[in-house]
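Step one of this worksheet: look at the structure below.
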Amino acid sequence: MHNFFKIYYARIINFIIFEPMNKNKSIDHQLRATWQAVAKLYNEQALTHNSTMATAFVLLNIDKQNGTPSTALGPLMGMEPTSLSRILKNMEDKGAICREKNPDDGRSVIVKLTEYGKEMRKISKGHVIQFNETVINNVTANDLEGFFKVTSTINKLIADKEIYKEINNKAV
């Protein structure tokens, strides 16, 4: 019964805060909804190969020739170490990667793709390319340039801590 009240309370807050605002015109809503749709699409494709989007993301971030130090993978992908460890363990169990001692630093390991991992990486890369080509073929070059300009600006504003520089709690 306790969860019912949490959900009910969350819905009331959502109604009070966001109902007056048109969700479709909220930048963060559009980003979140679009990313969720893309993630669902990628996960559906990955599932057909007995994999996940997160695994595919790791495969695409491992240097296919030399491997990548495990300590560099998390920051490279913006992933928490515990989540990454779980994914790497699963990938190792499936035979997609192997871990070798880092010759430059005995305390760390280099994650390398196995032949199976390289094949799965190739499949993942193909899905990403297909997604990008399909989008590019369905929007104008000008719209795509605008999209990249807007997302770049959002990332810069966040990195420069410009969004909440001055807290604005005015009711909308």
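Please pick out the residue among N137, N155 that is farther than 23 Å from N43 by Cα and loosely packed, with under 11 Cβ neighbours inside 10 Å.
Only one candidate passes the filter, namely N155.
Considering only the range 104-159, state which residues are within 21 Å of A54 (Cβ to Cβ), among the aliphatic types (A, V, I, L, M) and assigned to a helix (DSSP H, G or I).
Within the range 104-159, M120, I123, V128, I129 meet the criteria.
Specify which of the listed residues (M77, M1, M21, M53) is closer than 21 Å to Y116 by Cβ, modelled with pLDDT under 90 and not hydroxyl-bearing (S, T, Y).
Among M77, M1, M21, M53, only M77 is closer than 21 Å to Y116 by Cβ, modelled with pLDDT under 90 and not hydroxyl-bearing (S, T, Y).
Specify which of the listed residues (K125, K40, K112) is charged (D, E, K, R), in contact (Cβ under 8 Å) with a residue 40 or more places away in the chain and out of contact with any Lys or Arg (no Cβ under 8 Å at 6 or more places or on another chain).
Selected residue: K125, the only one of K125, K40, K112 that is charged (D, E, K, R), in contact (Cβ under 8 Å) with a residue 40 or more places away in the chain and out of contact with any Lys or Arg (no Cβ under 8 Å at 6 or more places or on another chain).
Hey, any hits in the range 96-108 for a residue that's closer than 20 Å to D63 by Cβ, in contact (Cβ under 8 Å) with a residue 40 or more places away in the chain, surrounded by 10 or more Cβ atoms within 10 Å (Cβ to Cβ) and of a type outside the set (D, E)?
Yes: the range 96-108 contains one or more residues that are closer than 20 Å to D63 by Cβ, in contact (Cβ under 8 Å) with a residue 40 or more places away in the chain, surrounded by 10 or more Cβ atoms within 10 Å (Cβ to Cβ) and of a type outside the set (D, E).
The values are calculated or read from the model by the stated rules, or taken from the named source; none is laboratory data. A quick note: this is a predicted structure, and the numbers were derived from the prediction, not measured. Here the Cβ is made from the backbone with ideal geometry for all residues, glycine too, and neighbour counts use every protein chain on show.
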